[in-house]
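Step one of this worksheet: look at the structure below.
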Amino acid sequence: MELYASPDMGEENVFGKLAEDHDQIGDLFADLEGTEDPAERAELFHTLQQRLMLHRRIEEEAFYPAVRRDGAVPQVERALEEHAVVGELLDEIAYIDPADEIFMAKISQLKTAFFHHVHEEEEQLFESARRLLGDDELTQLSSEVNQSRGFLRHKLGDVSLGDTL
């Protein structure tokens, strides 16, 4: 995780926390793929849906505006397009019976879209943001992401995407 850590910041930074969120969501995909029980699938999908919604809002309301403001406009626009694709797939899957074989086919599509987004975000957008933002701006951004996370967790219910930064 060295790519996302700043030696000048004495705490875990925004990149590390967002990457940790990605890992936790990835674990949910693995759990979903590991069960054939429709009730468990429904529960896991509900949790996945909530966590993706929370993570998406944190990125869109705190992280992306800061990065866009500092010059990574095309990368942010692409990330927002990817969020829209994930949102559409979540909406589709919500109406499919978890016992139906199409449910897991759609979960597979969602997983592919999610990991494509994660790869681009972590390999390109995070690196661009790290170059564009100074340590003070990253500290401020970490604070903004924490505030957004806390507010949204309260508003949406605690969907537990880890602790604050």
Test: Glu121 is modelled with pLDDT of 85 or more, closer than 14 Å to Gly16 by Cα and either surrounded by 15 or more Cβ atoms within 10 Å (Cβ to Cβ) or in contact with a His (Cβ under 8 Å, 6 or more places away or on another chain) (or both): yes
Hits in segment 124-143 (condition: exposed (fewer than 15 other Cβ atoms within 10 Å of the Cβ) and among the β-branched types (Val, Ile, Thr)): none
Filter result (of a type in the set (S, T, N, Q) and either assigned to a loop (DSSP other than H, G, I, E, B) or more than 20 Å from the chain's Cα centre (by Cα) (or both)) within segment 12-41: Asn13, Thr35
Residue check for Ile102: farther than 15 Å from Gly26 by Cβ and either of a type in the set (Val, Ile, Thr) or touching a Cys at 6+ places or on another chain (Cβ under 6 Å) (or both): yes
Segment 91-103, residues that are surrounded by fewer than 18 Cβ atoms within 10 Å (Cβ to Cβ) and touching a helix residue (DSSP H, G or I) at 6+ places or on another chain (Cβ under 8 Å): Glu92, Ala94, Ile96, Asp97, Ala99
Among (1) surrounded by 13 or more Cβ atoms within 10 Å (Cβ to Cβ); (2) among the hydrophobic types (A, V, I, L, M, F, W, C); (3) more than 24 Å from Ser148 (Cβ to Cβ) - the single one Ala39 does not satisfy: (1)
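Residue by residue, here is whether (1) of a type in the set (Asp, Glu); (2) under 28 Å from Gln140 (Cβ atoms); (3) outside any loop (DSSP other than H, G, I, E, B) holds:
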{"site": "Glu77", "(1), (2), (3)": "yes, yes, yes"}
{"site": "His83", "(1), (2), (3)": "no, yes, yes"}
{"site": "Pro98", "(1), (2), (3)": "no, no, no"}
{"site": "Met104", "(1), (2), (3)": "no, no, yes"}
Out of Gln109, Gln147, sole residue that is assigned to a helix (DSSP H, G or I), in contact with a helix residue (DSSP H, G or I) (Cβ under 7 Å, 6 or more places away or on another chain) and either at negative phi or in contact (Cβ under 8 Å) with a residue 24 or more places away in the chain (or both): Gln109
Count of residues meeting criterion [in a helix (DSSP H, G or I), of a type in the set (Asp, Glu) and at pLDDT below 95] in segment 42-72: 3
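The values are calculated or read from the model by the stated rules, or taken from the named source; none is laboratory data. Predicted model, so just to flag it, every value in this text is computed and none were measured. Glycine also receives a Cβ, built like all others from the backbone with ideal geometry; neighbour counts cover every protein chain displayed.
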